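I have placed the structure first, in the form of structure tokens, so that the comments after it can refer back to it.
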Amino acid sequence: MSKALLAALVLSSSGFVAAQQAAVLVDTTLDQLFSVDLATGAVTLIGSVLPGPATCADLAWREDTKQLWTLDLGAGGLGTLDLTTGAWTVAWPSPITGWQGLAWDPTTQNFFAANQNDTLYRIDPTTGVFTLVGTTTTTYLITALSVDARGRLIGIDFTTGTVVQIDKNTAATTVLFSGINNIQGLDIASDGTWYGVNTSTDSLYVFNPVTGGATLVGPCIGTQFAKGFQVIDTGVVRGGAACADGNGSTRRMTWSGSSAVGNTLVLDVEAGTSPMLAVVFLGLSAETYGPLPLPFDLAPIGAPGCLLHTSSEVGLGPVVAGLGGIAIPIPPTTLPGFQMFSQAVILDSGAVPNPLGLAFTDFVRIVITN
């Protein structure tokens with residue numbers, strides 16, 4: 001069914017530019033929900049989360065249903081927060097308390113939750129069943145979770161600032177980089193930027209997932225203890241990195257429109273320094289392509305510095321990069337939550353040193369939303 005649906009989403013023609021981002025944080029000393037300016041860190045009060053959870057433990061945005069979720073650290077329970085008032089609505093009770101991190105995973109269509117007893121749980125959003133995945137390793141206390149564009153579950157250790165990838169089947173952790181400690185809210189925005197809020201400085205930071213470390217964006221003046229942070233995005237999220245074409249330009253994917261049912265999403269490629277043809281590919285995975293694990297290094301076949309980020313079941317185009325792109329109507333019958341991935345290949349016969357004659361963009365994950 002997935003391949004048939006992927007094919008049914010295909011058509012053609014115009015657009016560019018990504019949607020504006022918004023963000024929220026919850027202060028568990030004040031029991032209030034705030035909106036956050038991602039350029040400055042400044043916050044604006046939305047409303048009180050009381051009467052409601054004793055302590056909100058992290059925030060999670062479910063793209064397909066456009067809902068903001070949280071776990072109650074003190075009393076247990078999974079529920080939603082109203083984005084206009086902050087009001088709490090409980091959906092499912094919890095078998096235990098002590099929750100710290102929460103993330104929605106569109107790849108598995110489940111929530112993942114980290115507990116202060118160093119365990120990871122998977123939560124079925126339909127039945128409310130909490131299933132123990134396992135005990136996390138090499139970390140002290142995971143206080144925030146997020147899922148990146150590739151579907152990796154990312155956590156941060158409150159005490160050391162170590163950022164880890166967590167295996168969704170075993171809870172085993174792999175160290176990615178070190179940031180700063182006292183982070184209790186972490187999320188990755190649609191443009192690929194990694195954000196975190198610090199409960200010691202009450203400030204917003206940007207993480208560099210390649211080199212590690214964090215850069216101050218600004219103070220969240222008016223907050224006292226930010227226990228959760230979440231970017232409220234569209235269904236499109238950037239991931240990976242592009243490689244340079246023959247002119248030295250690294251051309252990223254761009255998009256406009258909406259991935260909501262009944263709308264049209266336009267995928268394009270940055271124009272770069274000279275006109276070039278590109279083929280936009282749609283795929284079902286950013287983890288594997290047949291027997292190949294992704295990302296796949298293309299240097300051995302003549303494209304040094306380039307990576308294949310996604311499977312490529314459907315190719316669209318060619319189009320001139322930056323001059324229209326590919327329009328993909330989302331039929332009203334499409335199921336919210338269905339996801340696909342897109343990466344473009346640039347036809348660049350003059351690429352040096354690139355015997356393959358191709359340059360590759362980064363990729364985007366697309367989740368169909370209501």
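Read-outs: derived from the displayed coordinates by stated rules, not from any lab. Since we're looking at a predicted model, the values are computed, not measured. A quick note on method: Cβ atoms are made from the backbone with ideal geometry, for glycine too, and the neighbour counts reach across all protein chains shown.
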The answer for THR162, listing residues at least 5 apart or on another chain whose modeled amide H is closer than 5 Å to its amide H, is ASP157, GLY179
Fewest to most Cβ atoms within 10 Å: ILE366, ILE330, ILE180 sort as ILE180, ILE330, ILE366
Residues whose built amide H sits under 5 Å from the amide H of ASP362, excluding neighbours closer than 5 in sequence, are ALA242, MET253
Karplus ³J(HN,Hα) for region 314-327 (6.51 cos²θ - 1.76 cosθ + 1.60, θ = phi - 60°; Hz, whole; x = Gly/Pro) runs 10, x, 10, x, x, 10, 7, 4, x, 10, x, x, 10, 8
Subtracting the Cα-Cα distance of LEU50 and ASN370 from 0.36 nm times their residue separation yields 112.4 nm
Highest mean packing first, using Cβ neighbours within 10 angstrom, the peptides 90-101, 195-206 sort as 195-206, 90-101
Lys and Arg at +1, Asp and Glu at -1: neighbours of TRP104 with Cβ under 10 Å from its Cβ sum to -2
Listing GLU313, GLU63 by rising number of other beta-carbon atoms within 10 angstrom, fewest first, gives GLU313, GLU63
Long-range amide H partners of VAL133, meaning residues 5 or more apart or on another chain whose placed amide H is closer than 5 Å, are LEU120, TYR121, ARG122
For region 22-233, the convex hull over Cα atoms projects on average to an area in nm² of 9.8 nm²
Here the net charge surrounding THR28, from other residues whose Cβ is less than 13 Å away from its Cβ (Lys, Arg +1; Asp, Glu -1), is -4
Whole-Å distance linking the alpha carbon centroid of region 167-190 with that of region 199-219 is 14 Å
Summing -39500 (n - 2.57) over every DSSP H run of at least 4 in the chain, dividing by its residue total and rounding to the nearest 500, the 222 nm mean residue ellipticity is -500 deg cm²/dmol
Phi angles of region 112-122, converted by Karplus (6.51 cos²θ - 1.76 cosθ + 1.60, θ = phi - 60°) into ³J(HN,Hα) in whole Hz with x for Gly and Pro, give 10, 9, 9, 10, 5, 8, 6, 10, 10, 10, 9
If each K or R counts +1 and each D or E counts -1, the residues other than TRP92 whose Cβ falls under 11 Å of its Cβ total -2
Rounded to the angstrom and largest first, Cα extents along the principal axes for the chain equal 60, 42, 39
Here the cysteines of the chain without any disulfide-compatible Cβ partner under 4.7 Å are CYS56, CYS220
Calc'd 3J(HN,Hα), region 188-204, phi into Karplus 6.51 cos²θ - 1.76 cosθ + 1.60 (θ = phi - 60°), Hz, glycine/Pro = x, comes to 10, 7, 5, 7, x, 6, 9, 10, x, 10, 10, 7, 8, 9, 6, 9, 9
Quick note on LYS66, LYS168, ordering by fewest other C-beta atoms within 10 Å, gives LYS66, LYS168
